[in-house]
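The values are calculated or read from the model by the stated rules, or taken from the named source; none is laboratory data. Keep in mind the model is a prediction, meaning the values are calculated, not measured. With ideal geometry, Cβ positions are generated from the backbone for all residues, glycine too; neighbour counts draw on all protein chains shown. Surface accessibility is based on the protein's heavy atoms, side chains included, excluding ligands, DNA and RNA. Shrake-Rupley method; radii C 1.70, N 1.55, O 1.52, S 1.80 Å.
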Amino acid sequence: MRRAGKGRFQKQVFFALCLSTIPNGFIVMSIVFLADTPPHHCQVPAHLNLSAAWRNASIPLEGGARSRCSRYRLEDLLKFSEGNLLPGVDVNLSAVPTEGCLDGWEYDHSVYTSTIVSEWDLVCDNSWKNPMTSSVFFCGVLTGSFLSGQLSDRYGRKIVMFATIVIQTVATFVPAFSTSWAMFCSFYFFIGAGNISNYVTAFVLGAEILGPRIRTVFSTAGVSLFFALGYLLLPLLAFFVRDWRSLLLGLTVPGVLCAPLWWFIPESPRWLLSQGKEEEAEAIIRKAAEINNVEPPTVIFAFLKNEEKPEKTRGHNICDLLHSRNIRWISITLWLVWNSLSISYFALSLNTANLHGNTYFNCFLSALVEIPAYSLSWLMFRFCPRRLSIFPMLFSCGVVLLIIQFLPTALVYVSITLEMFGKFAVTTAYALVYAYTAELYPTVLRTTAVGACSMASRIGSIISPFFIYLRNYSVSLPYILMGSLTALMGLLSLLLPETHGMPLPDTITHMQRFPGCCRRKAY
């Protein structure tokens, strides 16, 4: 059956699972364009009898640019205009009182026809709602991470994976008809839940079906590269579709196209065996052998006949991740590492709209650096120890982010280059830690564990938009916080067990030992 692990069946599963992750890349960063803040200033009602000079001078200057959240008091401007006084000549503008945008805002439509910011005025006093929108999405991701792992460990990988594809597709379609920001956020929550549920379940399904060498490619470069492909296509689609509602409708198409993949992706034989469903698992193995034109053995799971399976009938849940000292320390360490990765990855990705230059190009560049990052992650995962692969990526990302704050403001392109290197390093580490986590945990808990790690990381995802929001108070503050945290977690990752060259554990007792946790080695 070794040949069966490298034949057409494995290739079919590999590409089908990879294709199913393209919509994830489309959707997870779509908020960069859906909620971008276009240039704006206070609206001055057109019916007011103001002279052209006073209408042009109605917005005060702040730092050489028009104020976004204030205007000169219209009552005073009307008096000056009626008295034929000229701004800056007859009237000292610095002495004119100001007021808020009582009549709303006027937005620049040269880049976007509309965004949720311009539609629902998420600016000035309502600007806190903008990062909150991303946080709602990641709250959905947290919920999806929590539920998908346990559901797929209980009911099966395949059924949960396609159920979440349907949820994500429908949830992406409906918000395009939202009439309020609160309604949009409600559906955006379900988009996040379906997004991560599909990705995690597809990832674990591939890790369990594919052979060791193909599994390494799939877990690092394969599924991640197809995710990056969706991310790479997002700014191209957004460039041609400038209205946020039309863009959201366009993002539903890839999800619909994933439906036929149901007939090309089987259930995980490992999961079926863990549930005592030997006949169903054997049927899948025999079908794989038939597709690969090889002859399967007469009895495929002969070793199960004389082997007791104490954990087969026992249900496992997220509490088992903290049951013993060994698995508890592994879980806590991974949760901290995942959380730091999530903060840095999503904060750097969401920050592309704030970088100097064209938003579409910056987003495209941010997606492009993920291609070599995932390729490098495959090479490192294939040939290098796990801990010595993750540590340099995390530590170098942290150091680079700390360096950015010391650069002169004139070196804009150097700052962008360093930020993209940081994105490259954290993306490589993210791909590595996904595959590494799947290797650390046993079959009976693998999806639950990956889902729990993903769930823990969503605390970082939820607060990552507010890291970017801190630039309103200090431009360097987000980089200081992200850099320090990422470098520290890089050092912490060195405490995790090594799994390079080790077989996937099937039970909790097969897990590797956390260094210093217990004296007796876990076999």
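For the stretch 388-397, state whether one or more residues are out of contact with any helix residue (DSSP H, G or I) (no Cβ under 6 Å at 6 or more places or on another chain) and over 27 Å from LEU365 (Cα atoms).
Pass one, the stretch 388-397, residues out of contact with any helix residue (DSSP H, G or I) (no Cβ under 6 Å at 6 or more places or on another chain): 388, 392.
Now drop any that are not over 27 Å from LEU365 (Cα atoms), which leaves 388.
Yes, the stretch 388-397 contains at least one residue that is out of contact with any helix residue (DSSP H, G or I) (no Cβ under 6 Å at 6 or more places or on another chain) and over 27 Å from LEU365 (Cα atoms).
When both residues are 6+ apart or on different chains and their Cβ atoms are under 6 Å apart, which pairs have a first residue that lies in the stretch 91-104 and is under 16 Å from SER81 (Cβ atoms), and a second that is open to solvent by less than 80 Å² (accessible area, probe 1.4 Å)?
That search, which allows pairs on different chains as well, returns VAL91/PHE80; VAL91/LEU85; LEU93/PRO87; VAL96/TYR72; VAL96/ASP76.
Looking at the stretch 398-409, can you tell me whether even one residue there is more than 18 Å from LEU477 (Cα to Cα) and either assigned to a helix (DSSP H, G or I) or not polar (S, T, N, Q) (or both)?
Residues of the stretch 398-409 more than 18 Å from LEU477 (Cα to Cα): none.
No, the stretch 398-409 has no match at all.
Looking at the stretch 412-496, what helices (runs of 4 or more DSSP H) fall wholly within it and have at least 2 residues that are out of contact with any strand residue (DSSP E or B) (no Cβ under 7 Å at 6 or more places or on another chain), open to solvent by less than 30 Å² (accessible area, probe 1.4 Å) and modelled with pLDDT of 85 or more? So that I can check it myself, show each step before the final result.
On the way: elements: 412-440, 446-469, 477-492.
Counting at least 2 such residues, we get 412-440, 477-492.
Inspect all residues belonging to the stretch 358-365 and state whether any of them is open to solvent by 10 Å² or more (accessible area, probe 1.4 Å), of a type in the set (S, T, N, Q), assigned by the TED database to the domain that holds PHE424 and in contact (Cβ under 8 Å) with a residue 60 or more places away in the chain.
For the stretch 358-365, residues open to solvent by 10 Å² or more (accessible area, probe 1.4 Å), of a type in the set (S, T, N, Q), assigned by the TED database to the domain that holds PHE424 and in contact (Cβ under 8 Å) with a residue 60 or more places away in the chain: present.
Residues checked against (1) at pLDDT below 85; (2) within 24 Å of PHE226 (Cα to Cα); (3) in contact with a Leu (Cβ under 9 Å, 6 or more places away or on another chain):
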site	(1), (2), (3)
PHE138	yes, yes, no
SER152	yes, yes, yes
VAL170	no, yes, no
ILE196	yes, yes, yes
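Give me the pairs: first residue in the stretch 279-292 and assigned by the TED database to the domain that holds LEU210, second residue among the aromatic types (Phe, Trp, Tyr) and in a helix (DSSP H, G or I), beta-carbon distance under 6 Å, and six or more apart or on different chains, which are they?
Note: pairs meeting the criteria are ALA288/PHE9; ILE291/PHE9; ASN292/PHE9.
State which residue is modelled with the lowest pLDDT when the search covers only the stretch 386-411 and only residues that are surrounded by 19 or more Cβ atoms within 10 Å (Cβ to Cβ) and of a type in the set (S, T, N, Q).
Among those that are surrounded by 19 or more Cβ atoms within 10 Å (Cβ to Cβ) and of a type in the set (S, T, N, Q), it is SER389.
Are any residues in the stretch 365-384 of a type in the set (Phe, Trp, Tyr) and within 13 Å of GLY222 (Cβ to Cβ), and if so, which ones? Walk me through how you get there before you give the answer.
Of all residues in the stretch 365-384, those of a type in the set (Phe, Trp, Tyr) come to 374, 378, 381, 383.
Scanning the stretch 365-384 gives TYR374, TRP378, PHE381.
On the basis of being open to solvent by 40 Å² or more (accessible area, probe 1.4 Å), out of contact with any helix residue (DSSP H, G or I) (no Cβ under 6 Å at 6 or more places or on another chain), part of a helix (DSSP H, G or I) and more than 26 Å from HIS109 (Cα to Cα), does ILE167 make the cut? Show your work before the answer.
Numbers: open to solvent by 40 Å² or more (accessible area, probe 1.4 Å): yes; out of contact with any helix residue (DSSP H, G or I) (no Cβ under 6 Å at 6 or more places or on another chain): no; part of a helix (DSSP H, G or I): yes; more than 26 Å from HIS109 (Cα to Cα): yes.
Answer is no for this residue.
Among the helices (runs of 4 or more DSSP H) contained in the stretch 1-76, which hold 2 or more residues that are closer than 27 Å to LEU142 by Cα and aliphatic (A, V, I, L, M)? Show your work before the answer.
Values: elements: 8-19, 22-28, 31-34, 52-56.
In the stretch 1-76, the matching helices (runs of 4 or more DSSP H) lie at 8-19, 22-28, 31-34.
When the residues of the stretch 81-99 are filtered to those that are in a helix (DSSP H, G or I) and out of contact with any Pro (no Cβ under 9 Å at 6 or more places or on another chain), which remaining residue is most open to solvent (accessible area, probe 1.4 Å)? Working first, answer last.
Pass one, the stretch 81-99, residues in a helix (DSSP H, G or I): 81-82, 93-95.
In the following step, the residues that additionally are out of contact with any Pro (no Cβ under 9 Å at 6 or more places or on another chain) were identified as 81-82, 95.
On the way: SER81: 15, GLU82: 132, ALA95: 79 Å².
The qualifying residue most open to solvent (accessible area, probe 1.4 Å) is GLU82.
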